[in-house]
Structures are given as C-alpha cells and as structure tokens.
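In what follows, a single structure is set out as structure tokens and then discussed.
The values are calculated or read from the model by the stated rules, or taken from the named source; none is laboratory data. Quick caveat: nothing in here was measured; it's all calculated off a predicted structure. Note: ideal-geometry Cβ built from the backbone for every residue, glycine included; neighbour counts use all protein chains shown. In case anyone asks, the SASA skips ligands and DNA or RNA and just uses the protein heavy atoms, side chains included. Shrake-Rupley method; radii C 1.70, N 1.55, O 1.52, S 1.80 Å.
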Amino acid sequence: MATRDTNVKGMRTQVGIIGAGPSGLILAHLLRLTGIESVIIEARSREHCEQRARAGVLEHDAAALLERIGVGERMRREGLVHRGIFLRFNGRDHRIDFTDLTGGRSITVYGQHEVIKDLIAAALDAGQQLLFDVEDVSVDELESRRPRIHFRRQSGAVTLECDVIAGCDGFHGVCRPSIPNGALQSFDKTYPFAWLGILAAAPPASEELVYTRHERGFALMSMRSPQITRLYLQVPPSTSLDEWPDDRIWTELRTRMATNEPWALCEGTILQRSVTPMRGFVVDPMQYGRLYLVGDAAHIVPPTGAKGMNLAIADVRVLAEALVAFYRDGSSELLGEYSTTCLRRVWRVQRFSAYMTRMLHRASDDPFDDRVQLAELEYVTSSRAAAAALAENYVGLPFDAR
Ligand code: FAS
Ligand code: PHB
C-alpha cells in the first residue's frame with residue numbers, strides 16, 4: 001500500500017483494534033469467528049497484559065459468552081460459580097441469594113488476567129495478528145473511509161490502513177483524545193475515596209464475596225481461587241502505598257470486617273497491591289467517523305458493582321454485531337446506532353455502581369447520611385423486592401435488556 005514516507009511499512013486490514021485488554025481481544029475473537037480480519041496493536045508486553053491483576057467477577061451472560069465462543073473451558077474448570085454475596089454491617093452478615101432472586105442466574109469469579117491469558121492463547125492459536133510492545137500510536141483520517149493507525153515497532157514505523165478502528169485502549173489510551181474537541185460530551189464524577197487492593201496468598205475466609213460497610217470505611221473480601229484472596233479497603237483518594245505497610249493493611253481489614261459471629265480473615269503474603277481511584281465517567285457519543293470507542297476508552301465505573309470488564313464485554317457484542325452487518329449486508333445502520341445502543345446499558349450500570357458505592361462507603365461525617373445508609377442496607381436485606389433489584393443488576397442485566 002502506498003504511504004507518504006517510503007521508510008514507513010504499509011499494512012492493510014478491515015478492523016484495526018488498539019488495545020489487547022478484554023475489549024480488544026474479545027472483539028477480535030468475535031470478528032474471527034465471522035471471517036472478519038483484524039489487527040490488534042498493544043502498547044505493553046504479553047507478560048504485562050497477562051499478569052495485570054484487575055477485575056474478578058464475570059456476569060452470568062459474560063461467562064456464558066466466553067464459553068459460547070470457545071474460550072471458557074479453563075474458566076469453567078478453575079472459575080468459581082457464586083450464587084450469592086454477603087452484605088456485612090453492624091457486625092452481621094446478610095446474604096443476597098442470586099439464584100433464588102433471579103431465577104437461577106449467577107456470577108463466575110475468575111480473574112480478568114486469566115480471561116486475558118485464555119484470549120491471547122486462542123488468538124495466537126488462530127493466527128490472529130496481535131502486535132505487542134508497539135510505540136508512538138496515533139490515528140488519523142477518522143472521517144474518511146480509510147482511517148489509519150500509525151505506530152512504531154522495532155522494525156520501524158508502520159501505517160495500518162483500516163475500514164474501521166476500534167478504540168479498545170482503555171481510559172488512558174490515545175483514541176478518545178484523538179477525537180476533535182466539541183465532538184464529545186463527557187460526564188465525570190470523582191468519588192472522595194479510592195480502593196487499596198491486594199492479592200494475598202491466603203485462603204478466602206468465606207465461600208462468597210463479603211461487602212462490608214463499617215464506620216471506618218468500606219472493605220471487600222473477594223477471591224481468585226481456594227488459595228488466593230482478593231481484598232480491598234476504602235482509603236483517601238491521595239493514598240500512597242508507602243503509607244500502608246502489610247501489618248497496617250491486615251489490622252484495618254480485620255477491624256472493618258469483624259463480625260459478631262465466629263469468623264476470622266485468613267492472612268498471608270501480599271503478592272500484589274495497588275490503589276485505584278474511584279470515578280464514574282462516560283463519553284457521549286462513543287463513536288466518531290470510523291472510530292468506535294469500546295470499554296474503558298468510553299466509560300469508567302466505580303468497581304463496587306464489579307462491572308468494568310462486564311460493561312466492556314457488552315460494548316464488544318454490540319460492535320461485533322454491527323460490523324458483521326456492515327461486512328455481510330453492506331449495512332451501516334447498526335454501526336450508526338452503536339453509541340445509542342451501548343449507552344442505554346452504560347447508564348444503567350453507572351446507576352447500579354453508584355448505588356452500591358453510595359450504600360457501602362463512608363463519604364461524609366454527617367450522622368444523617370450514616371442513618372440513611374444503614375436504612376438502605378436494612379431495607380435491601382429485609383425486602384425481597386429490593387434484594388431482587390440488587391441481585392438482577394449484580395448478576396448482570398440480560399445483554400438484550402431494553
Ligand atoms: P483495558 O484498560 O483493560 O485495556 C486497554 C489496553 O489498551 C491495555 O492493555 C493497554 O495497555 C492498551 N493501550 C493503552 N494505550 C495504548 C496505546 N496508545 N496503544 C496501544 N495499546 C494501548 N473492574 C472490575 O469490574 N473490578 C475490579 O476490581 C477492577 N479493578 C481495576 C483496577 C485497576 C487498576 C484498573 C485500571 C481497572 C480496574 N477495573 C476493575 C476495571 C477494568 O477491569 C476495566 O473495566 C477493563 O479492564 C476494561 O477493559 P478494556 O476496555 O479492554 O480496557
Ligand atoms: C474482584 O474480585 O476483584 C472484585 C470483586 C467485586 C468487586 C470488585 C472487584 O465489586
């Protein structure tokens with residue numbers, strides 16, 4: 001393909017995908033199944049992508065999708081199917097029974113980095129063009145019928161000409177900022193706290209997730225396997241990991257998660273630790289010309305509802321279906337509706353994530369707020385209707401919910 005600069009290697013594909021996170025890898029997989037060619041370019045190494053501990057919960061339909069498209073075998077073998085969660089407050093546990101309240105739907109606890117490993121293995125087995133460690137990525141010609149991705153590899157500069165570009169490059173990627181000012185409206189809410197997350201070599205002290213509301217702040221016990229516990233603490237937004245040596249982390253977790261019943265947190269070596277800011281963010285529309293923003297490139301949810309990765313998967317389904325119609329039927333109608341279709345679910349998930357965050361975190365010293373928060377928890381753990389509303393959102397609204 002002719003390029004402006006004879007030193008630049010020219011490539012051509014149907015769908016250029018920037019980012020090898022859940023969004024990019026699942027999109028490429030769905031396109032491969034329908035014979036649509038794509039190239040994935042990723043800034044980090046394969047090892048980094050496969051080791052990055054992030055989300056841990058797959059919604060009912062998200063787990064079913066991974067299984068349906070042929071990357072769910074290890075998830076089904078090693079993942080943990082959970083049929084409920086515990087809400088812990090005033091030293092007592094209250095179980096939300098998903099299966100009873102949603103007619104049998106559940107979640108699967110399976111680390112995002114495990115999903116990434118399975119997707120990368122499937123991509124490479126299928127001969128997917130998946131380029132790691134690329135640099136200096138930029139996009140242009142977004143309003144033309146031949147949008148382009150420019151990047152650099154060890155072999156030199158490359159220009160990839162596409163029909164469509166999928167911006168799967170996360171919140172800090174290059175795609176959203178490449179859209180001209182004024183073309184997008186952004187909605188942004190920053191919470192006055194963050195999550196300190198750890199991965200510990202310790203058996204989970206409960207069989208299901210425990211979300212804890214405590215006067216000192218929120219705590220969450222999740223897991224990755226019968227040997228690995230994932231734990232989170234609400235901390236001030238400017239927290240540095242240096243302020244939190246191991247013994248302070250464990251002491252705070254024990255304090256916040258203490259119950260009136262016999263229960264003790266299992267402690268162990270901390271394998272990974274990070275601080276994640278809490279925010280809600282959405283751009284509207286999620287597309288510009290032939291560029292489509294997917295997952296965290298378009299929205300961020302506070303992780304209290306365990307929705308980030310699941311929402312990315314929901315976007316991917318919509319875009320993949322629209323691209324199949326574009327290539328099979330020559331129809332751009334679904335592509336034109338991509339953003340509207342995705343944003344219906346995005347805002348419902350923002351609502352639920354904000355609800356879970358408001359109900360469980362300490363956001364003020366106002367005793368009135370405290371009492372309202374406790375009333376919310378007492379209501380959702382005593383009213384079947386309220387518990388069913390939480391359950392249907394937590395396990396995931398059906399992908400085609402209107
Ligand atoms: P991702 O951010 O996963 O992937 C984007 C990819 O694009 C990355 O691999 C990145 O390296 C690459 N990229 C970026 N810029 C690029 C460029 N210029 N060129 C090429 N590649 C580029 N969600 C939950 O549900 N529960 C959680 O507990 C949770 N914890 C999280 C902790 C952290 C620290 C973060 C950042 C997010 C967390 N999330 C959590 C949300 C997370 O799971 C996201 O929702 C999910 O990764 C979204 O997937 P993607 O849209 O693929 O974006
Ligand atoms: C996790 O296991 O990492 C996890 C679980 C539930 C959440 C957030 C993160 O709400």
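Of note:
- Selection status of PHE98, of a type in the set (Phe, Trp, Tyr), open to solvent by less than 10 Å² (accessible area, probe 1.4 Å) and within 10 Å of ligand 1 (Cβ to nearest atom): no
- Test set (1) closer than 24 Å to ALA20 by Cα; (2) surrounded by fewer than 20 Cβ atoms within 10 Å (Cβ to Cβ) - ARG176 fails condition number: (2)
- Any hit, region 197-215, residues being in a loop (DSSP other than H, G, I, E, B), surrounded by fewer than 18 Cβ atoms within 10 Å (Cβ to Cβ), within 16 Å of ligand 1 (Cβ to nearest atom) and not assigned by TED's automatic domain parsing to the domain that holds ARG145: no
- VAL372 being over 23 Å from VAL115 (Cα atoms), touching a residue at least 24 places away in the same chain (Cβ under 8 Å) and over 19 Å from the mean Cα position of the chain (by Cα): no
Per-residue answers, yes or no, for (1) aromatic (Phe, Trp, Tyr); (2) in contact with a helix residue (DSSP H, G or I) (Cβ under 8 Å, 6 or more places away or on another chain); (3) within 25 Å of GLY19 (Cα to Cα):
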{"site": "ARG230", "(1), (2), (3)": "no, no, no"}
{"site": "PRO277", "(1), (2), (3)": "no, no, yes"}
{"site": "GLY289", "(1), (2), (3)": "no, no, yes"}
{"site": "VAL294", "(1), (2), (3)": "no, yes, yes"}
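- Qualifying residues in region 299-317 (those that are among the aliphatic types (A, V, I, L, M) and in a helix (DSSP H, G or I)) - the one nearest to the chain's Cα centre (by Cα): MET309
- With respect to the conditions (1) within 25 Å of ALA325 (Cβ to Cβ); (2) over 17 Å from the mean Cα position of the chain (by Cα), ARG46 lacks only one, and its number is (1).
- Within region 250-298, tally of residues that are open to solvent by less than 10 Å² (accessible area, probe 1.4 Å), over 16 Å from the mean Cα position of the chain (by Cα) and either over 30 Å from ALA322 (Cβ atoms) or modelled with pLDDT under 95 (or both): 2
- Residue check, ALA312 within 15 Å of ligand 2 (Cβ to nearest atom) and more than 23 Å from LEU233 (Cα to Cα): yes
- Per-region count, region 218-249, residues open to solvent by less than 40 Å² (accessible area, probe 1.4 Å), within 13 Å of ligand 1 (Cβ to nearest atom) and farther than 24 Å from VAL109 by Cα: 0
- Count - residues of region 55-100 that are over 30 Å from ASP370 (Cα atoms) and at pLDDT below 95: 0
- Figure legend. Inter-residue proximity from region 118-144: first residues under 19 Å from VAL174 (Cα atoms), second residues modelled with pLDDT of 95 or more and among the polar types (S, T, N, Q), beta-carbon distance below 8 Å, spacing 6+ or different chains. Indicated pairs: PHE132/SER45; ASP133/SER45; SER138/SER178; VAL139/SER178; ASP140/SER178; LEU142/SER178.
- In the set ARG54, ARG32, ARG68, ARG44, only one residue is farther than 23 Å from ARG176 by Cα and in contact (Cβ under 8 Å) with a residue 24 or more places away in the chain; that residue is ARG32.
- In a residue-by-residue description of region 211-224, the property of being over 30 Å from TYR292 (Cα atoms), within 13 Å of ligand 2 (Cβ to nearest atom) and modelled with pLDDT under 95 applies to at least one position.
- Taken as a whole, the condition of being open to solvent by 40 Å² or more (accessible area, probe 1.4 Å), more than 12 Å from ligand 1 (Cβ to nearest atom) and either more than 28 Å from VAL164 (Cα to Cα) or of a type in the set (D, E, K, R) (or both) does not apply to GLU135.
Table: residues versus (1) over 26 Å from the mean Cα position of the chain (by Cα); (2) surrounded by fewer than 15 Cβ atoms within 10 Å (Cβ to Cβ); (3) within 11 Å of ligand 1 (Cβ to nearest atom); (4) within 17 Å of GLY79 (Cβ to Cβ).
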site	(1), (2), (3), (4)
GLU114	no, no, no, yes
SER144	yes, yes, no, no
PRO147	yes, no, no, no
SER155	yes, yes, no, no
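- Residue check: SER45 meets all listed conditions (1) surrounded by 15 or more Cβ atoms within 10 Å (Cβ to Cβ); (2) over 30 Å from VAL372 (Cβ atoms); (3) of a type in the set (Gly, Ala, Ser) but one, namely (1).
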